[in-house]
Amino acid sequence: MEQTRQLLDFLDGSPSCYHAAENVRRALLAAGFEQLWESSSWHLTPGRDYFTVRGDSSVIAFRAPQGAFSGFMIAAGHSDSPTFKVRETAEVPGPGGLLRLSVEPYGGMAMRSWLDRPLSVAGRAMVREGGRIVSRLVNVDRDLLVIPGVAIHMDREMNKGTALKANVDMLPLLAQGGEPGGFRRLIAESAGAAEANLLSTELFLYPRTRGTVTGLNGEFIAAPRLDDLQCVFGCLQGFLAAEAGGGMPVLAVFNNEEVGSGTRQGADSTFLTDVLERAAGGLGATGEAYRRLLAGSFLVSADNAHAIHPAHPEYADNNEFPVLNGGVVVKYNAAQRYTTDAVSDAVFRAVCARAGVPVQRYSNRADLPGGSTLGNISTAHLSIPSVDIGLPQLAMHSACEVAGVRDTDYLIRAMTAYFGCGLRVGPEGVELL
Ligand code: CO
């Protein structure tokens, strides 16, 4: 129950990818990690813990082992979730003095789930402070907006599935009347800056719905952003709890997974390889020594998975469908959009067996393409064995998603065991250290 409370606090406290990264950063600092800056030189001490942040929204942390180590034991999740980005020219006047906000979709959300519920905005603002440009977190922490749907009396077909247009239907109602520029003033105030010093923003809508426990026996959680903050939380907790093992534990939280990862801080960037090279180099492993470490490394790509839906079991595969509260999900795909192969599957299952954690299988129904995730994008940069996993959930990419209350604990236990491992890879096979 305490773990669920902590997860819900993490979800509620992370209304944007920037807040999620900041909460990871704070947890690392509280655990004694030292923040490194990509623009400074790194002086690493064996036995110490470090992290660095890119783009205010991606974080990579590592624990420098005391002595020789077998390779990098990496787990990755993502900080972003589908939402709507607020345009810089934000206010759109309409009939009756109604003022709406100009927004555009970020990622593939279920649009109808964003209608008729209280929303607000969060993100970051660049502000001028003296001669510098600095980033400030912004969260307008009150019920500010709502995207009103049309009444069923005007659209009798809506329950048969009316198409929603992002540029017409999804603009949230901000105000009636008043002076123009009120939104900008509010954001400046939230950023703690004079309006003249507010330079630019990256702001996103978020549902005001707080995460909560549901179900007759409290067996579910309903919350925004479970994909993928539930996995980020589980990986982070395991990362912090793990005992030192044979490898170097590495936790990666990437932004921009929902828009394809192709940004400077996304999984399809040099961020991970940059950090690994510098971490290894700082501990004396360069050139061939670094390549040998890579040969003994492993990646867990943790991103939530579709549980079987009670109303629509036909969307699931006949055999390989996970259920809520059934344990950690390993994902398989013949086209390798999920990176799991026989080797990584066997290794990860051995880790879960060590932790006493149940494992479930997920395959897309063979005629459905499914989504892609972090694993295949990361391994394009870093060619190491990788497994795609996640926790089972329903209503993925809705403004309020549903997951099992017991699964977070399974992931934490699996990741605690994982980060405490190393791998010996050689002619005799693979051995968990
Ligand atoms: Co995801």
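The values are calculated or read from the model by the stated rules, or taken from the named source; none is laboratory data. Keep in mind it's a predicted model, so treat the numbers as computed, not measured. Glycine also receives a Cβ, built like all others from the backbone with ideal geometry; neighbour counts cover every protein chain displayed.
Worth a mention:
Listed here are the residues, each with its yes/no results for (1) surrounded by fewer than 24 Cβ atoms within 10 Å (Cβ to Cβ); (2) within 16 Å of the ligand (Cβ to nearest atom).
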position	(1), (2)
LEU205	no, no
ARG208	yes, no
ILE221	no, no
ASP227	no, yes
VAL232	no, yes
THR273	yes, no
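- Checking each residue in the range 14-37 for being assigned to a loop (DSSP other than H, G, I, E, B), in contact with a strand residue (DSSP E or B) (Cβ under 6 Å, 6 or more places away or on another chain) and under 19 Å from ALA125 (Cα atoms) picks out PRO15, SER16.
- Against the numbered list (1) over 20 Å from CYS17 (Cβ atoms); (2) outside any helix (DSSP H, G or I); (3) within 18 Å of the chain's Cα centre (by Cα), PHE204 comes up short only at (1).
- Residues of the range 1-13 that are within 21 Å of LEU203 (Cα to Cα) and assigned to a loop (DSSP other than H, G, I, E, B): GLY13 alone.
- Residue count for the range 334-349, restricted to those that are surrounded by 18 or more Cβ atoms within 10 Å (Cβ to Cβ) and among the hydrophobic types (A, V, I, L, M, F, W, C): 2
- Residue ID - farthest from the ligand (Cβ to nearest atom), chosen from residues in the range 316-333 that are buried (at least 24 other Cβ atoms within 10 Å of the Cβ) and under 17 Å from PHE220 (Cβ atoms): PRO322
- The residue that is farthest from the chain's Cα centre (by Cα), counting only those in the range 368-412 that are more than 16 Å from the ligand (Cβ to nearest atom), in a loop (DSSP other than H, G, I, E, B) and closer than 30 Å to LEU115 by Cβ, is LEU368.
- Among the residues of the range 98-115, those that are more than 20 Å from the chain's Cα centre (by Cα) and aliphatic (A, V, I, L, M) comprise LEU98, LEU99, LEU101, VAL103, LEU115.
- Only one entry of GLY287, GLY281 meets the criterion of being surrounded by fewer than 20 Cβ atoms within 10 Å (Cβ to Cβ), out of contact with any Gly (no Cβ under 6 Å at 6 or more places or on another chain), under 20 Å from GLY47 (Cβ atoms) and of a type outside the set (Ser, Thr, Tyr), and that entry is GLY281.
- Out of VAL103, VAL24, sole residue that is buried (at least 23 other Cβ atoms within 10 Å of the Cβ) and not assigned by TED's automatic domain parsing to the domain that holds MET415: VAL103
- Near pairs, Cβ below 8 angstrom, 6+ apart or cross-chain, from the range 249-278 (basic (Lys, Arg)) to any residue that is away from the ligand (no atom under 13 Å from the Cβ) and not in a loop (DSSP other than H, G, I, E, B): ARG264/ARG54; ARG264/PHE271
- Residue check: TYR410 meets all listed conditions (1) out of contact with any helix residue (DSSP H, G or I) (no Cβ under 7 Å at 6 or more places or on another chain); (2) at positive phi; (3) touching a residue at least 24 places away in the same chain (Cβ under 8 Å) but one, namely (2).
- Of all the residues in the range 163-199, those that are of a type outside the set (A, V, I, L, M, F, W, C), surrounded by 11 or more Cβ atoms within 10 Å (Cβ to Cβ) and not in a loop (DSSP other than H, G, I, E, B) number 7.
- Counted residues, the range 65-100 - those being farther than 24 Å from ALA252 by Cα and either in a loop (DSSP other than H, G, I, E, B) or within 16 Å of the ligand (Cβ to nearest atom) (or both): 1
- Condition met for ALA122 (of a type in the set (A, V, I, L, M), touching a helix residue (DSSP H, G or I) at 6+ places or on another chain (Cβ under 8 Å), over 20 Å from ALA196 (Cβ atoms) and part of a strand (DSSP E or B)): yes
- The residues in the range 296-315 that are over 24 Å from the mean Cα position of the chain (by Cα) and either surrounded by 15 or more Cβ atoms within 10 Å (Cβ to Cβ) or within 16 Å of the ligand (Cβ to nearest atom) (or both) can be counted, and the count is 1.
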